[in-house]
């Protein structure tokens, strides 16, 4: 049981909880189910959010134009800052996917405020995980 005492990941924490309760590692099926739920929940919520986001973009082409303008402006400034590196230069036909991918960094994404606002609005309109708001009054009255 040495590995359970050293590791601090989520699975180990669930296993340690079981060991603390009865001295044995708990049901492997239950641990498997917990892990699968975490994996599926993360993937499904992302897929649902992106589906709603693109659905809304299809209904609002002016938003798409604004996002594309912002991405172009931010990545163009990224290109100018790395212009001495030939692998970062656009080849003139607008299809420099490798250069695009290289300039699309965390730092460049933090400069894309309109894109962030559009994604946030999609999450507001269609939350991937519904927010349940209980008040103490409604719980106490039941």
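Values in this text are rule-based calculations from the coordinates and carry no lab data. Predicted model, so just to flag it, every value in this text is computed and none were measured. Note: ideal-geometry Cβ built from the backbone for every residue, glycine included; neighbour counts use all protein chains shown.
Summary of values
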quantity	calculated
Residues 40, 63, sorted so that the one with the fewest Cβ neighbours within 10 Å comes first	40, 63
Förster radius 30 Å - calculated FRET efficiency between residue 37 and residue 119 (Cβ-Cβ, nearest 0.05)	0.75
